Structure formats: C-alpha cells, structure tokens
Amino acid sequence: MKFIFTNLLLLSTLFFASFSSVSAPYSRSSAVAVDLLVGSDDITGLRLAYRPFVYEINNVPYLDQLNIYWEASVNFWEFGDLNHHETNYVLALSPVIGKTFYYLYQKYPVRWEFGIGVSLVQDTKFAGKNIGSHYQFEDRLGIAIDFDKERKQSVAIRYMHYSNGGLNSRNPGVDFLNLSYAYSF
C-alpha cells in the first residue's frame, strides 16, 4: 500500500508541476471546511477539512485556468439508533482540481470539482459491511459556488465515494452526498 500511495503522490506532484512552466501557480489562501454527510445504508456524518494552500494555475491547455488544492480531513461516520450506534473515524488526504464554468450574477464563480485521494479508516467492519481494508480511496465530484463580497466563503454539494479500489476481495464501498461550507483566510 505504501508503494501505491508513494506513486500516487509522485504522479500528482509531477502533474501539477508540469504546468508551472506554463504559468507559475500562486497561493490564493488557506481554507477550512465543514461538511454534513448523508450516506448509503443510513450512515450520517461530519467531515472537517483543512486546505493549506489554494492555487490558481493559468494557461492550462484546453482548460485555461484551474483551481487546485490539497485537502486534509477527518471524518466522523455514525450508523444506527441512539442507544445502539456505531462510530467510525476516517483520515483523508486528497488533491482537488476545480474549474469555473459560470458566474452567477456575473460575480459569483460556480465551479466543478474533482479529486481522488487516499484515506485511512479506523474500523473495516461498519454499518453491517466489511469494507475489506483500512486503506481506502476517497473520490469526489461536486459543484461549488463562492459568495460574499470578497468571495471568501463557498458552499458545495458533492458526491463522495470511499472504496479500496479492489486491493481486497471485499470492496462494497461507501457513498455519501454532502453539503459543504468553506471559509478562506
């Protein structure tokens, strides 16, 4: 697993660095986010995230400008009734790429987001499933909009999928729809 993580990190770094010769990225800001999770199999949760740097890269072939950030998060998943519930904890690290495709009222950017990261799940047996491995991939696809006068706040709706990617014969995956609020500083 360490080999796979190292290769993913190396490939991501090379991919992002390849555009630095086109247009050097600059840091816009850091951000924190909180997400409410509603998942498959009646799993609910909370996700707290930190983005140390948000970059804009210009002159990307066929895409023009992209937003790119790394996001570290801790997830708290819950399942079951109040008196008989289970809790699971997840640590994750994901690179996220976004592209503005529309401006609401000509001033609020709306963008799609996409990312595939890695995560470490505390308990592999959760919500009546055996997810097969403590190591999971965290995939996301979403739409976000920046708002307020300085566009330091954003909301997003995302589909997120956790799966071990076939690293284990047990791979049912866990799906979430989440609503996110982020604040940049």
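FYI, it's all coordinate maths here, none of it is from the lab. The shown structure was predicted, so the numbers you read here are calculated from the model rather than taken from an experiment. Note that each Cβ is placed from the backbone with ideal geometry, even for glycine, and that neighbours are counted across all protein chains shown.
Quick notes
- Anisotropy class of the range 89-185 from Cα gyration tensor, a/c 1.5 cut: prolate
- Restricting attention to the range 2-184, the count of lysine pairs at 8 or more positions apart or across chains with alpha carbons under 23 Å apart stands at 6.
- In the frame of its principal axes, the range 27-131 has Cα extents of 52, 29, 24 Å, reported largest first.
- Once the gyration tensor of the Cα atoms in the range 2-184 is diagonalised, the equivalent ellipsoid follows with semi-axes of 30, 21, 12 Å, ordered largest first.
- According to the Cα-based calculation, Rg over Rh for the range 92-139 is 1.27, with Rh computed by the Kirkwood formula.
- Each of Trp77, Trp112, Trp70 was scored by other Cβ atoms within 10 Å of its Cβ. Listed from fewest to most, they are Trp112, Trp70, Trp77.
- Options Ser73, Ala182, Tyr103, ranked by Cα towards positive dipole end of the range 46-185, top entry (Cβ charges): Tyr103
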